[in-house]
Amino acid sequence: MIVEIEDLRKVYDGKQRVVAVDGIDLSVRPGELYGLLGPNGAGKTTTISICTTRALPTSGQVRIAGVNVVKSPAVARRSIGVVPQYNTLDRACTVYENIYFHCLYFGFTRTEARERTALPMQKSRLSPRMNS
């Protein structure tokens, strides 16, 4: 399985206790496409946030490509591709820096990040704009 979710639960404690995710089980095989649908407040964003290592679960387990997202978040992120709704680029950074920092975020070493940043810049003929 590429995505394995077992008894996932997320509770926010505060003035009001909110159970955002309550016992989700899900398996997605490699090559499958899966969409989370539901009304506002159903826990879709919270589930994706946990799967992509942006939030910690209260209980349960999530594995991406066999990697536990809580125990090894940087390793899990190497198998995750996320297309956010809004632009996440830092306008204060150059094109090169944005790609490089995203590589570091996804757990690549500095050497790997430099290599992975240079290649698409060359292939897309953006090397002359690396510092723009």
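Pull up the range 106-117, narrow it to residues that are of a type outside the set (Val, Ile, Thr) and either outside any helix (DSSP H, G or I) or in contact with a Lys or Arg (Cβ under 7 Å, 6 or more places away or on another chain) (or both), then point me to the one that is surrounded by the most Cβ atoms within 10 Å (Cβ to Cβ). It would help to see each step written out before you state the result.
To start, the set of residues in the range 106-117 that are of a type outside the set (Val, Ile, Thr) comprises 106-108, 110, 112-116.
Subsequent filtering for residues that are either outside any helix (DSSP H, G or I) or in contact with a Lys or Arg (Cβ under 7 Å, 6 or more places away or on another chain) (or both) retains 106-108.
Values: Phe106: 21, Gly107: 17, Phe108: 19.
Residue satisfying both the conditions and the ranking: Phe106.
Take the residues in the range 1-49 that are surrounded by 10 or more Cβ atoms within 10 Å (Cβ to Cβ), among the polar types (S, T, N, Q) and without any contact (Cβ under 8 Å) to a residue 24 or more places away in the chain; name whichever of them is farthest from Arg63 (Cα to Cα).
Going through the qualifying residues, I end up with Thr45.
Restricting to the range 45-61, name every residue that is assigned to a helix (DSSP H, G or I) and over 15 Å from Val83 (Cα atoms).
First, the residues of the range 45-61 that are assigned to a helix (DSSP H, G or I): 45-51.
Once the filter is applied, which keeps residues that are assigned to a helix (DSSP H, G or I) and over 15 Å from Val83 (Cα atoms), the range 45-61 yields Thr46, Thr47, Ile50.
What tally of residues in the range 86-97 results from selecting those that are free of Cβ contacts under 8 Å to residues at least 24 places away in the same chain and either within 26 Å of Met1 (Cβ to Cβ) or surrounded by 14 or more Cβ atoms within 10 Å (Cβ to Cβ) (or both)? Break it down stepwise before answering.
Looking only at the range 86-97, we keep the residues that are free of Cβ contacts under 8 Å to residues at least 24 places away in the same chain, and these are 86-93, 97.
Going one step further and asking which of them are either within 26 Å of Met1 (Cβ to Cβ) or surrounded by 14 or more Cβ atoms within 10 Å (Cβ to Cβ) (or both), we end up with 97.
Going through the range 86-97 one residue at a time, the tally reaches 1.
No lab work stands behind these numbers, since they all come straight from the coordinates. Everything numeric in this text was worked out from a predicted model, so none of it was measured. In this analysis, Cβ positions are derived from the backbone assuming ideal geometry, glycine residues included, and neighbour counts consider all displayed protein chains.
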